[in-house]
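Sending over a structure as structure tokens; questions will come in a sec.
The values are calculated or read from the model by the stated rules, or taken from the named source; none is laboratory data. Because the structure is a prediction, the values reported are computed rather than measured. No Cβ is skipped: glycine too gets one built from the backbone with ideal geometry, and neighbour counts run over all protein chains shown. Accessible surface is based on the protein model in full, side chains and every heavy atom, while ligands, DNA and RNA are left aside. Shrake-Rupley method; radii C 1.70, N 1.55, O 1.52, S 1.80 Å.
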Amino acid sequence: MAALAQVTINTNGQASIDYSKKFEPEPLKKDFQVLRDSLQSIHAGLYRYKSQPEMDAIFNDAYRQLDHPITETDFFAIVSNVISGIEDGHTECFLPKDFIQSIISTVKVFPIQVRYIGEKAYVPCDTKEFKAGTEIVSIDNKAVNDIRKQLFAHLSSDGTIETEKYVKINDGHDPFSYLYLVVYGEKPDFKVGYKTPSGQLKEKILQAELFGNMECPPVRTDVNKYLSLDYQANGVAIMTIKTFANEFMERTKENFENFLAASFKELKDKKINKLIIDLRENGGGEDTNGLLLYRYLSAKPFRYYASLNTTKHLVTDHPNLNVQQPEENNFKGKVEFLIGGKSFSGAAEFSSIAKSNARGLFIGEETAGGYYGNTSGSKIALELPNTRIRVNIPLTKYVMAVKKAKYKDRGILPDHTVVPTINDYLQHKDVQMDLALKLINKRN
């Protein structure tokens, strides 16, 4: 959707934009036609999960809604619902940055950044009205799970995967209060139903607040190290890989190829035979890095990509299409993989190959990226001429060389699903890593 995380929250000195201004149907229809024509022309994975008749029905239903004047935010809600319907996590839409900044600076929203876990929502910190861990049951007489479903219908992800949508709404990419505003509109206050510690149902009225006054705002932390290798008792090593993106690692003066070469040599020299690879923060990056990692885990030749194509031609010259050979210091011991809703794009590609080849146990939550591949690579940043809404359209469809799975529209599913509870979150417990260590220490 609108990736609020890409806009710096600045509540001082921001020129106001007329948030209530309405567009006549004609310019909105022109913008929508530009969007539809562009997607149908260049989006290589437009029909990966939905058939052409299904996508045509989505397009036509949205177009029929443009029969009366509406605000830019209302139009954006229609566009984001269409983008969500494609079921492609690399396809995203964004309100203009100055429009988002104006919303942040001038529009009042739901005053707490709630945290969803499954069908429930919680207050994730102590606020003026609630203690941390309080369960929110309803907002303005709408059950929080019904609200979640409605908001998720405006977020993109691969297939029917929902773990990435939880990450977006909880961790600030598309924070709850912003999404709630886009979907339900501006409100002066909110009637909140909640549970007391004893389980009683009660209600409070919360006044809307500016983003700068929101309680429990998403916490953004700077990463000073993306790659690490650590050791635990009983000959267990933990390799943490938070990205495959070379541009990120350049900022921290890390080199992926050198890190893997040194790490796997060290594992061999130390005679380590139990390895946990943590990909829970890995949103992808260079696909060759995911391939290289698996070359250190395979003892035999393997294939990585089955095919690549754009809407115009079949790609035949990508190095990942070749039969791949193991690296010299490939790891032959037991492996476990930690995955979750941030394991996207190249991290999901790597995971699908490891899962298909039964290289080890997977622990955590379903990956954000699809098992059979994604549509990514180069992209076109389309700007609609009248509303200036921006849409990222990926150009290359990647198909992984994997065995058939149970679901065609899901990510890599863990062998052991572990979803942290609200108490785990508040107490900073890493229950997924705890289970991984417990399981690997039981293995010979």
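How about segment 144-195: which helices (runs of 4 or more DSSP H) wholly inside it have at least 1 residues that are open to solvent by 40 Å² or more (accessible area, probe 1.4 Å), among the basic types (Lys, Arg) and within 20 Å of ILE83 (Cα to Cα)?
Once the helices (runs of 4 or more DSSP H) in segment 144-195 are filtered for at least 1 residues that are open to solvent by 40 Å² or more (accessible area, probe 1.4 Å), among the basic types (Lys, Arg) and within 20 Å of ILE83 (Cα to Cα), what remains is 144-152.
Does any residue of segment 120-133 turn out to be open to solvent by 10 Å² or more (accessible area, probe 1.4 Å), on the phi > 0 side of the Ramachandran plot and not in a helix (DSSP H, G or I)?
Among the residues of segment 120-133, at least one is open to solvent by 10 Å² or more (accessible area, probe 1.4 Å), on the phi > 0 side of the Ramachandran plot and not in a helix (DSSP H, G or I), which makes the answer yes.
Only residues in segment 49-70 that are within 15 Å of ASP37 (Cβ to Cβ) count as the first member; pair them with residues that are of a type in the set (S, T, N, Q) and crowded, with 16+ Cβ neighbours inside 10 Å, Cβ under 8 angstrom, at least 6 apart or cross-chain, and list the lot.
From segment 49-70, the pairs are ALA62/ASN81.
Given the conditions (1) at pLDDT below 95; (2) surrounded by fewer than 16 Cβ atoms within 10 Å (Cβ to Cβ), which single one is not true for GLN325?
(1)
Here's a follow-up. Evaluate segment 37-47: report whether one residue or more is over 26 Å from PRO96 (Cα atoms) and either open to solvent by 40 Å² or more (accessible area, probe 1.4 Å) or in a helix (DSSP H, G or I) (or both).
Yes, some residue in segment 37-47 is over 26 Å from PRO96 (Cα atoms) and either open to solvent by 40 Å² or more (accessible area, probe 1.4 Å) or in a helix (DSSP H, G or I) (or both).
May I pose another question? Restricting the search to segment 102-114, which residues are out of contact with any Ser or Thr (no Cβ under 8 Å at 6 or more places or on another chain) and open to solvent by 10 Å² or more (accessible area, probe 1.4 Å)?
LYS108
Which residues, taken from segment 288-314, are open to solvent by less than 30 Å² (accessible area, probe 1.4 Å) and either at pLDDT below 95 or of a type in the set (Gly, Ala, Ser) (or both)?
Matches in segment 288-314: GLY290, SER298.
For segment 49-90, what are the residues that are among the charged types (D, E, K, R) and closer than 23 Å to ASP158 by Cα?
LYS50, GLU54, ASP56, ASP61, GLU87, ASP88 - these are the residues of segment 49-90 that are among the charged types (D, E, K, R) and closer than 23 Å to ASP158 by Cα.
Do you know which residues across segment 134-143 are polar (S, T, N, Q) and assigned to a loop (DSSP other than H, G, I, E, B)?
Hits for segment 134-143 are THR134, ASN141.
Filter segment 341-356 down to the residues that are touching a residue at least 60 places away in the same chain (Cβ under 8 Å), farther than 15 Å from TYR398 by Cβ and open to solvent by 20 Å² or more (accessible area, probe 1.4 Å) and list them by number.
Scanning segment 341-356 gives a single hit, LYS342.
Within segment 414-437, can you find the residues that are open to solvent by 80 Å² or more (accessible area, probe 1.4 Å) and of a type in the set (Asp, Glu)?
Answer for segment 414-437, where residues must be open to solvent by 80 Å² or more (accessible area, probe 1.4 Å) and of a type in the set (Asp, Glu): just ASP434.
Any idea which of VAL123, VAL137 is touching a Ser or Thr at 6+ places or on another chain (Cβ under 6 Å) and in contact (Cβ under 8 Å) with a residue 24 or more places away in the chain?
VAL123
Please pick out the residue among ASN374, ASN423, ASN441 that is touching a residue at least 60 places away in the same chain (Cβ under 8 Å) and in contact with an Asp or Glu (Cβ under 8 Å, 6 or more places away or on another chain).
ASN374
For ILE147, all conditions in the list (1) modelled with pLDDT of 95 or more; (2) within 18 Å of PRO218 (Cα to Cα); (3) more than 15 Å from the chain's Cα centre (by Cα) hold save one; what is the number of the exception?
(2)
Mind listing just one residue for me: the one in segment 361-413 that is among the charged types (D, E, K, R) and in a strand (DSSP E or B) and, of those, most open to solvent (accessible area, probe 1.4 Å)?
Per the criteria, the residue is LYS379.
Which residues, taken from segment 208-244, are open to solvent by 30 Å² or more (accessible area, probe 1.4 Å) and among the β-branched types (Val, Ile, Thr)?
Within segment 208-244, VAL219, THR221, VAL223 qualify.
While we're looking at this one, here's another question. Being more than 30 Å from TYR371 (Cβ to Cβ) and either out of contact with any His (no Cβ under 7 Å at 6 or more places or on another chain) or outside any helix (DSSP H, G or I) (or both), is that true of even one residue in segment 85-95?
For segment 85-95, residues more than 30 Å from TYR371 (Cβ to Cβ) and either out of contact with any His (no Cβ under 7 Å at 6 or more places or on another chain) or outside any helix (DSSP H, G or I) (or both): present.
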